[in-house]
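What follows is one structure encoded as C-alpha cells, with my remarks underneath.
The values are calculated or read from the model by the stated rules, or taken from the named source; none is laboratory data. Just so you know, these numbers come straight off a predicted model, no measurement behind them. Ideal geometry is used to build each Cβ from the backbone, glycine not excepted, and the neighbour counts take in all protein chains shown. Just the protein is used for accessible areas: all its heavy atoms, side chains included, with ligands, DNA and RNA removed. Shrake-Rupley method; radii C 1.70, N 1.55, O 1.52, S 1.80 Å.
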Amino acid sequence: MFRTATATSLASRFFISINHPRIAPLTIPLASLTNHAPSPLEGTVQRQYNRKRNQSDEHNQQRKRHTGPLHFIAASSFLSWFSKKSDDENTPESQLITIIKRSILSIQKEEYQKAEQMLHLALKMAQDLQSKDGITYIYDIMANLAMEVGDFAKAEKLFVNVMQRLFSDGFLEDHIKMLHISSKIAHLAQLQGHLDKAAQGFEWTLAKLEEKLKQLGDDNGKEIRELWGITKNWYAQLLMESKRFAEAKQAFLQAYEAYTEIHGKLTEEGLTILNNLSVACSNLEDYASAERFLKEAISLAAQIPDLSEAGVYKANLGLLYLQQGLLRQASEFCTFAWRYGNQHKHEETVIQATYCLEQIKAMQK
C-alpha cells in the first residue's frame, strides 16, 4: 500500500548543492519544504551530516572538467608588474614570478601542500626584494588557497592583511580589488556562522557594485557585473540560511542571469545556481518552479561531457517527487542517480539516491 512522505521521515535529509570553486556550498534540509519544524535531535543529525559533507568536499572536487579552484587563478594579469621590471629570465624578479606561476599551477592541480610551500618560498623572495606589490599579491594567493582548503579563519586574516596593504598603497574602498576582497570576507564570515557580519558585508559590497554599474554602464562593467553576480549568489545562500526564501529566490535568479550572460549556460557553475534556485523554490512549496529549474539543469548537464554532478540533479528531482508522494517518478530518477553516482564514484549522488530509494521501499510496504 502506498503512502505519502511524512515530514518526520524526511526531516533529516537534504537537497544537495555542488561545491563549485566559485560557487560556495549550500546544504538545505528537506524538512524545510514542509511546515514541520525540525526537533533538536534532527538539528543534531543535520550538523553531523554537514561536518561529514565538509570532510568529503575535497574528494568531490576531483572533476574531469576542472576549471581552477578560484577566480584569482585566472587573474594572472597581476603578474604584469614583474614583467615590466625585467625580461631577463635569470633576474630575481623573473625567478620569483616563475615560482608564483608554479604555485598557481599546483593549486589548479589541487596539490595544496606543494602550493603552500612554494608560496612561502615566494614570500621570502619578495621580502628579500623589498617588493611591496609582490608581497601583497602573494598574500592574496595565500588567502585564496586557505579559502579553497577550508581554513576560513586563516583566509579571513590574510584577506584583511591584503586589504590593509592596498589601503596603505592608496586604493579606495570602492576599488574593484577592494570589492573582490570585501565580498570574500563576507562569504568567509557566512561560512564561519557569523551571519549578521556576513549580511552587512554582502549588502555593503552589493551597494558599492551597483553604484559602479550605474556609473560605467553595461558596456564597460563586465568585471563589476560578474563580481556582482558572484556576490549575489553568496548572499542568496545566506538568505537561505536565514530562511528568507523569497528573497533568496530573487537573488539566485539575478545571480544566474548575471553569470550566464557572461559565461553562457553550459557551465558547471551556472548549473549549480539553477540547482540552488530549485532548492529555494522548494522551500517556498513552489514545486512546479522547483521541478522546472531542476529539469533545465538536467537538460543542460546532458550537454556537458562526463559531468559527475549531473547525478545530483537527478537525485534532487527524485527527492522533490518523493516529497510530493509521486513514488513512480521518484523511483525513476533516484534509480538513475544511484547508478550514475556509482559509475562516476560521486558520493553525494549515491547518498541522496540511496536514501530516496529506501524511503520509496518503506512507503510501499
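Below is a table of values for the structure above.
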| item | result |
| --- | --- |
| Where Q190 falls short, out of the listed (1) in contact with a Leu (Cβ under 6 Å, 6 or more places away or on another chain); (2) within 25 Å of Q108 (Cβ to Cβ); (3) buried (at least 20 other Cβ atoms within 10 Å of the Cβ) | (2) |
| The one condition in (1) in contact with a Leu (Cβ under 9 Å, 6 or more places away or on another chain); (2) crowded, with 17+ Cβ neighbours inside 10 Å that S308 fails to fulfil | (1) |
| Exclusive hit being modelled with pLDDT of 95 or more and of a type in the set (A, V, I, L, M, F, W, C), set F152, F171, F167 | F152 |
| Positions within region 295-329 being of a type in the set (S, T, N, Q), assigned to a helix (DSSP H, G or I) and under 17 Å from I273 (Cβ atoms), in sequence order | S299, N316 |
| Some residue of region 130-146 being at pLDDT below 95, more than 21 Å from W204 (Cβ to Cβ), open to solvent by 60 Å² or more (accessible area, probe 1.4 Å) and not in a helix (DSSP H, G or I) | yes |
| Residues satisfying the stated conditions in region 335-349, i.e. touching a residue at least 40 places away in the same chain (Cβ under 8 Å) and not in a helix (DSSP H, G or I) | H346 |
| Any hit, region 256-264, residues being open to solvent by 80 Å² or more (accessible area, probe 1.4 Å), at negative phi and touching a helix residue (DSSP H, G or I) at 6+ places or on another chain (Cβ under 6 Å) | no |
| Which numbered condition E332 misses (of (1) within 27 Å of Y235 (Cβ to Cβ); (2) over 20 Å from the mean Cα position of the chain (by Cα); (3) of a type in the set (D, E); (4) part of a helix (DSSP H, G or I)) | (1) |
| Those residues of region 320-360 which are of a type in the set (D, E, K, R), modelled with pLDDT of 90 or more and either surrounded by 24 or more Cβ atoms within 10 Å (Cβ to Cβ) or out of contact with any Gly (no Cβ under 8 Å at 6 or more places or on another chain) (or both), in sequence order | R328, R339, E358 |
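The rows are residues; the columns are (1) closer than 25 Å to S242 by Cα; (2) assigned to a helix (DSSP H, G or I); (3) among the aliphatic types (A, V, I, L, M); (4) out of contact with any Asp or Glu (no Cβ under 7 Å at 6 or more places or on another chain).
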residue	(1), (2), (3), (4)
E173	no, no, no, yes
H180	yes, yes, no, yes
I185	yes, yes, yes, no
E203	yes, yes, no, yes
L209	yes, yes, yes, yes
I230	yes, yes, yes, yes
